[in-house]
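Everything on this sheet refers to the single structure shown next.
The values are calculated or read from the model by the stated rules, or taken from the named source; none is laboratory data. This structure is a prediction, so every number in the text was calculated from the model and none was measured. With ideal geometry, Cβ positions are generated from the backbone for all residues, glycine too; neighbour counts draw on all protein chains shown. Accessible surface is based on the protein model in full, side chains and every heavy atom, while ligands, DNA and RNA are left aside. Shrake-Rupley method; radii C 1.70, N 1.55, O 1.52, S 1.80 Å.
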2 protein chains.
Amino acid sequence: MKVKTRWLAPSEQRAWRAFVDVHQKLPSRLARRLQATGNLSMADYIVLVALADAPHGRQHFLELAQSVDWERSRMSHHLSRMNKRGLVAREDCPKDGRGVHVAVTPAGRAAIEEAAPGHVATVRRLVIDPLSPEELDMLTRLCEGILDRLEADLL
Amino acid sequence: MKVKTRWLAPSEQRAWRAFVDVHQKLPSRLARRLQATGNLSMADYIVLVALADAPHGRQHFLELAQSVDWERSRMSHHLSRMNKRGLVAREDCPKDGRGVHVAVTPAGRAAIEEAAPGHVATVRRLVIDPLSPEELDMLTRLCEGILDRLEADLL
DNA sequence: CCATCATTGATGACGCGTCAACCATCGGTT
DNA sequence: AACCGATGGTTGACGCGTCATCAATGATGG
């Protein structure tokens, strides 16, 4: 049996709209900056940060994929593209013939070190710094609440 | 001259992480549901809602693009795909030989009417309903604040 | 040692979004 | 009428993400 749909009330609609707009516009702005300053995509940035943080700038393929929460296929495709641009290199894993190591190249390290400060500054300017400690805390709670519900809802 | 970068403090990092995660996982969950229940993408949904709300289920191409804030090219590509699936039809505009009208087909209307209630229910369940009125208001303020800064910052 | 099964990654196909180039039409000017 | 800039829309190329499939390797049980 069917229940009549409760559409969103105006205040709810406004909240939802703002929420949707933010995650439509903020990422694209961040991406644009990143592209402009270092010719990196968000995906490049994520991978490079993960690798640069790892010892010797290298990691197993699978660890890397898990640490950034990507599917293998996505990682494989993206590494191919980054590899073609000289940001990253694949190396055979001696321990496991199936495995692959991924390493940042010097060019990759240079790219991330050039891009990171500007990126963080933009995030601060647009999101973090204007918030009071209470507001920052509220943001955390709201987002983590949604994440909790995402896990609870279906799985 | 160069200023030393202020990286994110732990509490800031946690907030930012939660924020990013939400915007990574929530949309993909919503998209999955939409796909599962009606074989529609988010983009399809957005277009169909806009058209279904318009008088006679039709709108000028450009109005449509503006009302959902898409570039023309994107709209054109997407309409081609939707058209191929029978959700939407293009019609010549009698007033302006360059213009194009876009209309929902009966199949398109059926699709949106089947998908919308479930979509709204999911949004309510995951985001809106668990929030107190004060929290909803806070969410709105936080998001609108970011949007304001986005407009202020570079333009 | 061999058969089987699971895991690691790569690959190809497809939908989606952006950018740049392009073509048609409109509206006003001369 | 012939031109010309502005407007409306399409197209092709490319990067990105997902899915399904596949090859190679490793682990396990007989």
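State whether one or more residues within region A:25-32 are within 30 Å of B:Glu113 (Cβ to Cβ) and in contact with a helix residue (DSSP H, G or I) (Cβ under 8 Å, 6 or more places away or on another chain).
Yes, region A:25-32 contains at least one residue that is within 30 Å of B:Glu113 (Cβ to Cβ) and in contact with a helix residue (DSSP H, G or I) (Cβ under 8 Å, 6 or more places away or on another chain).
If B:Val68 satisfies every condition in (1) within 9 Å of DNA strand C (Cβ to nearest atom); (2) within 14 Å of chain A (Cβ to nearest Cβ) but one, which is the exception?
Of (1) within 9 Å of DNA strand C (Cβ to nearest atom); (2) within 14 Å of chain A (Cβ to nearest Cβ), only one is false for B:Val68: (1).
Does region B:98-118 contain at least one residue that is at pLDDT below 95 and in contact with a Lys or Arg (Cβ under 7 Å, 6 or more places away or on another chain)?
Looking through region B:98-118, at least one residue is at pLDDT below 95 and in contact with a Lys or Arg (Cβ under 7 Å, 6 or more places away or on another chain).
Tally the residues that are open to solvent by 20 Å² or more (accessible area, probe 1.4 Å) and more than 15 Å from DNA strand D (Cβ to nearest atom), restricting the search to region B:39-50.
So the answer is 3.
Out of (1) open to solvent by 90 Å² or more (accessible area, probe 1.4 Å); (2) under 18 Å from the mean Cα position of the chain (by Cα), what's the single condition that is false for B:His23?
In the conditions (1) open to solvent by 90 Å² or more (accessible area, probe 1.4 Å); (2) under 18 Å from the mean Cα position of the chain (by Cα), B:His23 misses (1) alone.
Just checking, how many residues over region B:122-146 are surrounded by fewer than 16 Cβ atoms within 10 Å (Cβ to Cβ), at the interface with chain A (Cβ under 7 Å from one of its Cβ atoms) and not charged (D, E, K, R)?
Selection size over region B:122-146: 1.
Looking at region A:97-112, can you tell me whether even one residue there is surrounded by fewer than 13 Cβ atoms within 10 Å (Cβ to Cβ), under 18 Å from A:Glu63 (Cβ atoms) and either in contact (Cβ under 8 Å) with a residue 12 or more places away in the chain or not acidic (Asp, Glu) (or both)?
yes
Just name the residue that is farthest from A:Asn83 (Cα to Cα) out of those in region A:55-72 that are of a type outside the set (D, E, K, R) and in contact with a strand residue (DSSP E or B) (Cβ under 8 Å, 6 or more places away or on another chain).
It comes out as A:Ser67.
Can you confirm whether A:Leu142 is at pLDDT 95 or above, away from DNA strand C (no atom under 14 Å from the Cβ) and assigned to a helix (DSSP H, G or I)?
Yes, satisfied.
For B:Asp53, only one of the following conditions fails: (1) more than 9 Å from DNA strand D (Cβ to nearest atom); (2) at negative phi; (3) open to solvent by less than 70 Å² (accessible area, probe 1.4 Å). What is its number?
(3)
Of everything in region A:10-20, what is open to solvent by less than 100 Å² (accessible area, probe 1.4 Å) and at the interface with another protein chain (Cβ under 7 Å from one of its Cβ atoms)? Give them in sequence order.
A:Ser11, A:Glu12, A:Ala15, A:Trp16, A:Ala18, A:Phe19
If you check A:Leu126, A:Leu136, A:Leu87, which single one turns out to be under 20 Å from the mean Cα position of the chain (by Cα) and within 16 Å of DNA strand C (Cβ to nearest atom)?
A:Leu87
Report, ordered by the first and then the second residue, all pairs with beta carbons closer than 6 Å, sequence separation of six or more or different chains, a first member in region A:69-87 that is open to solvent by less than 50 Å² (accessible area, probe 1.4 Å), and a second member that is near DNA strand C (Cβ under 9 Å from one of its atoms).
A:Met75/A:Ala65
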